[in-house]
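J.: This is the structure I want to talk about, given as structure tokens.
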Amino acid sequence: SSVLQLGKEYYMQKTIRDEHGETVKNSETNKVMKPDVVIYYPDNSAMYIDSKVSLTAFIEYCNAESEAEKEAAIKRHVDSVTKHIKELSTKKYSQYKHEGRTPLPYTIMFIPNDSAMQLAMLNDRCLWSWAFEQGVFITSEQNLLLVLRLIRNAWVQQAQIENQEEVYSHAKNMLERIADFTAFVDSIGENLTEATKNYNKSVDKLYKGSQSIMT
């Protein structure tokens, strides 16, 4: 939440809706599509994040007292992560546009514990690449924060571009106003010059010369 703005750049538990505002349902399960987090990119695309990974087996591994218990817990942990990857791949979030935004071709599967992710990766070397082939990008807290900061930087750059355009628009408007004011002042000067000439002529006719009014 300290990286992106809630309600503008990302949403939590927001139902996916199409460009017409209709609720999107999974084509296979007919369930309403509601990812844990939807992140918007400045280029009108979207990224979905799922964080429902179970850490039950990992906790059992941490609390195991024998090697046999640890090995069994590791297997359950890898199986749990694998099962979740399959579930995410069947949801196919990337097939559905969110309010007209084009989704990225993968869903981020967030494992909220670096050690839990490393344990699964170490015991199944092909797990990450296999998941990516299924359209699932596995990440833990450190890597997710990096991704979010990159997205945030993109939003900052977009805001800077918009600010530059706004500043340029205001500057252009101000210059146009200055040009109008300058033309107005020039017009006043010309009118004053003409008025001075007419005033001098009037004074001549009133006071000076043999044909003046005063004479």
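The values are calculated or read from the model by the stated rules, or taken from the named source; none is laboratory data. Just so it is clear, the model here is predicted, and its values are computed rather than measured. Ideal geometry is used to build each Cβ from the backbone, glycine not excepted, and the neighbour counts take in all protein chains shown. Each accessible area value is taken on the protein alone, full model and side chains, heavy atoms only, with ligands, DNA and RNA left out. Shrake-Rupley method; radii C 1.70, N 1.55, O 1.52, S 1.80 Å.
J.: Ignoring ligands, DNA and RNA, what percent of the accessible area of the range 11-154 is carbon or sulfur (1.4 Å)?
T.: 50 percent
J.: Pull out a ≥ b ≥ c, the square roots of the eigenvalues of the alpha-carbon gyration tensor of the range 55-150, then state rounded if a/c is under 1.5, prolate if not and a/b is larger than b/c, and oblate in the remaining case.
T.: prolate
J.: To the nearest 0.05, how large is the calculated FRET efficiency for Leu146 and Arg76 if R₀ is 35 Å and r is the Cβ-Cβ distance?
T.: Given R0 = 35 Å and the Cβ-Cβ separation, E is 0.75.
J.: At 7 Å along the Cα-to-beta-carbon direction for both Glu87 and Glu133, put a label point, then send me their distance in nm to one decimal.
T.: Here the answer is 2.3 nm between the modelled labels.
J.: Rank these by accessible area, largest first, 1.4 Å probe: Asp18, Asp50, Asp43.
T.: Descending accessible area places them as Asp43, Asp18, Asp50.
J.: If each residue of separation counts as 0.36 nm, what is the full-extension length gain between Glu67 and Asn200 once their alpha-carbon separation is subtracted?
T.: This chain segment gains 36.5 nm when fully extended.
J.: With a 1.4 Å probe and every protein chain left in place, work out the accessible area per residue of the range 1-153 in Å², rounded to a whole number.
T.: Accessible area per residue, the range 1-153: 56 Å².
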